[in-house]
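Student: Submitted below is the structure of interest, expressed as structure tokens.
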Amino acid sequence: MNSVQRVRIEYSKKGPIRYIGHLDLMHTFFRALKRANLPVSYTQGFNPRIKCSFSPALPLGFASEAEYIELYLDKKIDISSSTGNLQKELPQGLTVRDMEKLPLFGKSNNVKIKTVTYRINLQQFSGKSTVPGQASKEDIEVKIRNFLDKEEILLINKKERRINVRPLILSIEMEKDWNIRLLLKVRGGFNFNPRIIIKTLLGVEKKDLAFVEFTREKFLFW
């Protein structure tokens, strides 16, 4: 059967469920969609799959206020009732924020992402020894200025390749309540893991960021 409708489901991911990986998240949604009786479309072939695309995978442990799924349907649905039905089937921590109709034909938002914004809350180690010299906000602001003054910032990615991430970093700002706001350029659907950027910026070890809250706030599209 040909799809007759495409919708985008926007949702947040918070609390303990942020520690499940992307594949587990996908299967959680697939089960919820089935229980909510949404008329999802399937691909053709020997191994049919739900026709959908998820927003780029979150690093494990990150919360988000800006996730989405683009979903193809075999029948047109009532947006309001379908939103409520889906929410009832989702576990705590996954909250449907919006569901909207999209043109049936068109590019996925994944290829139209321009930038992504992250909020990093340092409250868990503000004034503690995990920040060298028990850094103050002023110390961190100096680190940010020095970091952004560099023409080249070489970091190791998942494939163990050294890449220059400086062109991807559009801004880093220290805000009130020990929040850092990080704006990254997305290139070809790819953006570098913010945890590695912040670890390098602060000059700490990965374990020192264990209790730091990372939240993906929003995407900006072309």
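Student: Among (1) modelled with pLDDT under 95; (2) among the β-branched types (V, I, T); (3) surrounded by 16 or more Cβ atoms within 10 Å (Cβ to Cβ), there is one condition T43 misses while meeting the rest; what is its number?
Tutor: Here T43 meets the rest and fails (3).
Student: Which of the numbered conditions does N2 fail, given that it passes all the others? Conditions: (1) in a helix (DSSP H, G or I); (2) surrounded by fewer than 17 Cβ atoms within 10 Å (Cβ to Cβ); (3) polar (S, T, N, Q).
Tutor: Condition not satisfied by N2: (1).
Student: Further question: Kindly check whether there is at least one residue in region 9-16 that is outside any loop (DSSP other than H, G, I, E, B), of a type in the set (D, E), at pLDDT 95 or above and on the phi < 0 side of the Ramachandran plot.
Tutor: yes
Student: Right, another one. Say whether the condition of being crowded, with 17+ Cβ neighbours inside 10 Å and not in a loop (DSSP other than H, G, I, E, B) is met by at least one residue in region 56-63.
Tutor: Yes, some residue in region 56-63 is crowded, with 17+ Cβ neighbours inside 10 Å and not in a loop (DSSP other than H, G, I, E, B).
Student: Quickly run through region 160-183 and pick out the residues that are part of a strand (DSSP E or B) and closer than 23 Å to E138 by Cα. Outline the logic, then answer.
Tutor: Start the filter on region 160-183 by keeping residues that are part of a strand (DSSP E or B), which leaves 162-164, 169-175, 179-183.
Those that are part of a strand (DSSP E or B) and closer than 23 Å to E138 by Cα: I169, L170, S171, I172, E173, M174, E175, N179, I180, R181, L182, L183.
Student: A further question follows. Hey, any hits in region 27-40 for a residue that's touching an Asp or Glu at 6+ places or on another chain (Cβ under 6 Å), in a helix (DSSP H, G or I), in contact (Cβ under 8 Å) with a residue 24 or more places away in the chain and not small (G, A, S)?
Tutor: Going through region 27-40, the residues touching an Asp or Glu at 6+ places or on another chain (Cβ under 6 Å) turn out to be 32, 35-36, 39.
Next, from what is left, pick out any that are in a helix (DSSP H, G or I): 32, 35.
This time we only want the ones that are in contact (Cβ under 8 Å) with a residue 24 or more places away in the chain, so: 32, 35.
Filter once more, so that each one left must be not small (G, A, S): 35.
Yes, region 27-40 contains at least one residue that is touching an Asp or Glu at 6+ places or on another chain (Cβ under 6 Å), in a helix (DSSP H, G or I), in contact (Cβ under 8 Å) with a residue 24 or more places away in the chain and not small (G, A, S).
Student: Are any of the residues in region 95-114 surrounded by 16 or more Cβ atoms within 10 Å (Cβ to Cβ), farther than 15 Å from I196 by Cα and modelled with pLDDT of 95 or more?
Tutor: yes
Student: Just checking, which of R166, R195 is over 17 Å from the mean Cα position of the chain (by Cα) and over 16 Å from K218 (Cα atoms)?
Tutor: Unique residue meeting the criteria: R166.
Student: Being part of a loop (DSSP other than H, G, I, E, B), surrounded by 18 or more Cβ atoms within 10 Å (Cβ to Cβ) and not aromatic (F, W, Y), is that true of even one residue in region 142-149?
Tutor: No - not one qualifying residue is present in region 142-149.
Student: Determine the pairs where a residue that is under 17 Å from A57 (Cβ atoms), located within region 209-222, has a partner that is acidic (D, E) and at pLDDT 85 or above with Cβ atoms under 6 Å apart, the partner being 6 or more residues away or on another chain.
Tutor: Hits for this filter: E217/E65.
Student: Then there's this: Report, ordered by the first and then the second residue, all pairs with beta carbons closer than 6 Å, sequence separation of six or more or different chains, a first member in region 158-183 that is assigned by TED's automatic domain parsing to the domain that holds T117, and a second member that is small (G, A, S) and in a loop (DSSP other than H, G, I, E, B).
Tutor: W178/S126
Student: Mind checking which residues of region 66-94 are under 23 Å from the mean Cα position of the chain (by Cα), at pLDDT 95 or above and hydrophobic (A, V, I, L, M, F, W, C)?
Tutor: Once the filter is applied, which keeps residues that are under 23 Å from the mean Cα position of the chain (by Cα), at pLDDT 95 or above and hydrophobic (A, V, I, L, M, F, W, C), region 66-94 yields I69, L71, L86, L90, L94.
The values are calculated or read from the model by the stated rules, or taken from the named source; none is laboratory data. For clarity, every value in this text was computed on a predicted model and none was experimentally measured. Counting neighbours? That spans all protein chains shown, and the Cβs are built from the backbone with ideal geometry, glycine included.
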